[in-house]
Each structure stands twice: as structure tokens, then as C-alpha cells.
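*Asks:* Once you've had a glance at the structure underneath, I'll fire off some questions.
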Amino acid sequence: MRITIVGCGYVGTALARHWHQQGRHWLRVTTTSADRAEELAAVADSVQVLDAADPTGLRQALQGSEAAVFCLAPSGERQVEADGYEATFLRSMQALAAVVGELPQLNQLIYTSSCSVYGNAGGLLEEDTPMQPRDRHGEILRDAEAVLLSCRSPSRRVAIWRLGALYGPGRELQERFRALAGSQRQGNGAALTSWIHRDDVVAALAFALETGLDGVFNLVDDAPISVRDLIDLTCRAAGLKPVIWEAEAAPAAEAGAGRRVSNRRLHGLGLRLQHPRLPVLEGRPLAPPR
Ligand SMILES: NC(=O)c1ccc[n+]([C@@H]2O[C@H](COP(=O)([O-])OP(=O)(O)OC[C@H]3O[C@@H](n4cnc5c(N)ncnc54)[C@H](OP(=O)(O)O)[C@@H]3O)[C@@H](O)[C@H]2O)c1
């Protein structure tokens, strides 16, 4: 199959490497930076420098491809202004919607969204739980999904994976929380967080392609973890100073406590996770940072 991966950062590059090693598909990948073209040429048959918000460039990137995977994010793990979100997520999906009609061979669109689309929604978060964006960022993610879903047709499937927080090689938990060691934190850390390993994201994206998946699916592991357990267990396992929780004895629920993302639909697909629980919950030693 001919595939284009639009956005080759942490996930997109790992997916390209996976397919390149398999050698079963013809692969085009994109980067916004000409400086990365050489690096990406090692994992693809073709590299195109592209801002996906440019309809002309996007049409070229998708020309001839039967499937496209969009793994876009404004800039790694940094906090980004809403304008950056809009430019990356929404403008790219609008550019796609503008050109997709000229690409009749493009019969599947696969996209990495985020569980943050649920925003302030509470309780068990299933894929059909109404989204309640918390801020402009959330509205943009919601709107980008809607524009992408408008590209669906009888001959074109759209698969959206809503990811939990990402971790994996090069994005180890202890590195995220190192700066917090020994610090004082407000609240009791009761809110649950959901995580997903990079390799399970790669497997889910590949599964979507192989099965011609259509629909919206949460992509989180089996064991949501409270912010407090996450930080405390990670600091302990990594030999870091513990965090001091200000509301040490306060049993009061915090915003988000009790809400959890469901992965029931994911399991219904028969997709087995390689990392169903965070390493800190397994009692396994943490992977050394890379
Ligand atoms: N990180 C998390 O915890 C998390 C949580 C939930 C969902 N997600 C989603 O998971 C997906 C993968 O995340 P990631 O960590 O792999 O992201 P990442 O490492 O930041 O990579 C994103 C890539 O998007 C590309 N990009 C940015 N703006 C673009 C544009 N206008 N046109 C074309 N390409 C553009 C960048 O390409 P260049 O490098 O070439 O500039 C970058 O490499 C994203 O969709 C993200 O929203 C992530």
C-alpha cells in the first residue's frame, strides 16, 4: 500500500520506522523542516517538506497514497498557545477537507487526537461522551476532529485515536517528574490520569491501517493512575526526593477525581496492549532515560 505520514515527531517517526522495517508499504513522510529531511530519508521512500495547513503542499503529499496518518502536534511536550494549536490541528484538517475531494484513491484517514477533548466531562469517558472543552485548546481539538470526520464518505474511512498521555523511550516518566522532586504541590493529587506507551500507539495506528478501521477510539492503557500515585511512585522508583502534598490529610475530591477514560471499545477491537500498565504499577524498575 502507498501511505503518507503527515507529521513525523515522536510517534510518526516510530511508525515510519515500523513500516519501513516491515518493507511491505511504500511510504512518504513529511516534515516542516528541511533540516530533518536526511534523518527521515532513513525511514521512508520519500520525504516532503510541508506545512500541512497549505492545501497545495498537502495535496502533493497525499497524491497517490491510499492511506494517510496524521500525527501532528505544535511542538513536542512544550505548552503551546491556542494559536499554535489552531495553526497545526485545525488549519491542517481544513486544508485536508479542501483537497480530499481531488484525491479519490485516498480511502483511509487515520489521526492521533487526544483524550483532552473530553475537557470537563465527568465520570466514565466513553467515545460518545459529550465533549466539554475546558479552554480554547480543547475547542480546537474538538473542531479539528469534526472537520476530519466531515471527510468521511462511503469510499473513505476515518479512524481517530484519542491518546492518553504519551510515554516511552526518550520520554520516560522520571524525566518528566524530576523537576518536581522535593517540591510542594497543591491539592491531594486525586485526579486520575491515563497513559499510553508509544509502542502501543504505533501498534494501534498500524492496526487501523491493516483492518481498515473507521470510527473514534480512546487509546489509553488499562490502569488509570492518580496524579499523586504517579508522582510518588515514580519519584520513589527513580530514587528522587518525594513530593510534599499540601492537602496531605484532605479527603475532599479534586476537580477530575473519579473521572476515567474507558478503553472498552479498544479492547472490543481485539487489540492487545503491550504495556497495559505503567511500569511503576508493575513494580518493575523504570527504564533508564535515553
Ligand atoms: N504528547 C502527549 O502526551 C500526547 C497526548 C495526547 C495526544 N497526543 C497526540 O499524539 C500525536 C503524536 O504526538 P508526538 O508526541 O509524536 O508529537 P511531536 O513529537 O511533537 O511531533 C509532532 C510533529 O508534527 C509536525 N508538525 C507540527 N506542525 C505541523 C504542520 N503545520 N504541518 C505538518 N507537520 C507539522 C512536526 O513536524 P517537524 O518536526 O517536521 O516540524 C512534529 O514532528 C499528536 O497528534 C499529539 O497531539 C500527544
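The values are calculated or read from the model by the stated rules, or taken from the named source; none is laboratory data. It should be emphasised that the depicted structure is a prediction, and the values quoted were computed from it without experimental measurement. Positions of Cβ are backbone-derived with ideal geometry, glycine not excepted, and every protein chain shown enters the neighbour counts.
*Asks:* Before we move on, is Ala73 within 17 Å of Cys151 (Cβ to Cβ), in contact (Cβ under 8 Å) with a residue 24 or more places away in the chain and of a type outside the set (Asp, Glu)?
*Replies:* Answer is no for this residue.
*Asks:* Could I ask something else about it? Need the failing condition index for Val47 against (1) of a type outside the set (Gly, Ala, Ser); (2) part of a loop (DSSP other than H, G, I, E, B); (3) free of Cβ contacts under 8 Å to residues at least 40 places away in the same chain; (4) more than 9 Å from the ligand (Cβ to nearest atom), just the number.
*Replies:* Result: Val47 passes all but (2).
*Asks:* Looking at region 67-81, is at least one residue among the small types (Gly, Ala, Ser), farther than 24 Å from Gly168 by Cβ and within 22 Å of the chain's Cα centre (by Cα)?
*Replies:* Checked against the condition, which is being among the small types (Gly, Ala, Ser), farther than 24 Å from Gly168 by Cβ and within 22 Å of the chain's Cα centre (by Cα), region 67-81 yields no hits at all.
*Asks:* How many residues, within region 97-131, are in a helix (DSSP H, G or I), over 19 Å from the mean Cα position of the chain (by Cα) and not small (Gly, Ala, Ser)?
*Replies:* In the first step, residues of region 97-131 are kept if they are in a helix (DSSP H, G or I); the result is 97-102, 115-118.
Subset that is over 19 Å from the mean Cα position of the chain (by Cα): 97-102.
Pick out the ones that are also not small (Gly, Ala, Ser) and you get 99-100, 102.
Within region 97-131, residues that are in a helix (DSSP H, G or I), over 19 Å from the mean Cα position of the chain (by Cα) and not small (Gly, Ala, Ser) number 3.
*Asks:* Another question, if that's okay. Name the single residue that is surrounded by the fewest Cβ atoms within 10 Å (Cβ to Cβ) among those in region 16-34 being near the ligand (Cβ under 9 Å from one of its atoms) and outside any strand (DSSP E or B).
*Replies:* Ser33
*Asks:* Could you please let me know if Leu213 is away from the ligand (no atom under 16 Å from the Cβ), crowded, with 17+ Cβ neighbours inside 10 Å and within 24 Å of the chain's Cα centre (by Cα)?
*Replies:* For Leu213, the condition - away from the ligand (no atom under 16 Å from the Cβ), crowded, with 17+ Cβ neighbours inside 10 Å and within 24 Å of the chain's Cα centre (by Cα) - is met.
*Asks:* I'd like to check something: does region 190-197 contain any residue that is within 11 Å of the ligand (Cβ to nearest atom), part of a helix (DSSP H, G or I) and closer than 18 Å to Tyr10 by Cβ?
*Replies:* No: region 190-197 contains no residue that is within 11 Å of the ligand (Cβ to nearest atom), part of a helix (DSSP H, G or I) and closer than 18 Å to Tyr10 by Cβ.
*Asks:* Filter region 1-15 down to the residues that are among the hydroxyl-bearing types (Ser, Thr, Tyr) and either in contact (Cβ under 8 Å) with a residue 60 or more places away in the chain or assigned to a strand (DSSP E or B) (or both), then identify the one that is nearest to the ligand (Cβ to nearest atom).
*Replies:* Once the filter is applied, the top-ranked residue is Tyr10.
*Asks:* Taking the criterion of being modelled with pLDDT of 95 or more, in a strand (DSSP E or B) and of a type in the set (Val, Ile, Thr), would at least one residue in region 202-215 satisfy it?
*Replies:* No, region 202-215 has no match at all.
*Asks:* Can you list residue pairs whose Cβ atoms sit under 7 Å apart, with the first residue in region 88-109 being among the β-branched types (Val, Ile, Thr) and the second being in a loop (DSSP other than H, G, I, E, B)? Count only pairs 6 or more apart in sequence or on different chains.
*Replies:* Thr88/Leu72; Thr88/Ala73; Thr88/Pro74; Val100/Leu106; Val100/Cys151
*Asks:* Test each condition in (1) hydroxyl-bearing (Ser, Thr, Tyr); (2) more than 10 Å from the ligand (Cβ to nearest atom); (3) under 19 Å from the mean Cα position of the chain (by Cα) for Thr56 and report the one that comes out false.
*Replies:* (3) is the only condition that Thr56 fails.
*Asks:* Let me ask something else about it. Applying the selection to region 158-189, what residues are buried (at least 19 other Cβ atoms within 10 Å of the Cβ), within 16 Å of the ligand (Cβ to nearest atom) and assigned to a loop (DSSP other than H, G, I, E, B)?
*Replies:* Gly164, Glu172, listed by residue number.
*Asks:* Under 7 Å by Cβ, and 6 or more places apart or on different chains, what pairs join a residue from region 132-157 that is assigned to a helix (DSSP H, G or I) with one that is among the β-branched types (Val, Ile, Thr)?
*Replies:* The qualifying pairs are Gly138/Val117; Leu141/Val117; Arg142/Val117; Glu145/Val117; Glu145/Ile160; Leu148/Val158; Leu148/Ile160; Leu149/Val158.
*Asks:* Sticking with this structure for a sec: Within region 160-174, can one find any residue that is of a type in the set (D, E, K, R), in contact with a Leu (Cβ under 8 Å, 6 or more places away or on another chain) and at pLDDT below 95?
*Replies:* Yes.
*Asks:* Could we say that Asp51 is touching a Lys or Arg at 6+ places or on another chain (Cβ under 9 Å) and not aliphatic (A, V, I, L, M) here?
*Replies:* Details: touching a Lys or Arg at 6+ places or on another chain (Cβ under 9 Å): yes; not aliphatic (A, V, I, L, M): yes.
Yes, satisfied.
*Asks:* Sort out which residues of region 62-80 are more than 9 Å from the ligand (Cβ to nearest atom), of a type outside the set (D, E, K, R) and modelled with pLDDT of 95 or more, and write them in order of number.
*Replies:* Narrowing region 62-80 to residues more than 9 Å from the ligand (Cβ to nearest atom): 62-69, 79-80.
From what is left, the residues that are of a type outside the set (D, E, K, R) are 62-65, 67-69, 79-80.
Hits for region 62-80 are Leu62, Gln63, Gly64, Ser65, Ala67, Ala68, Val69.
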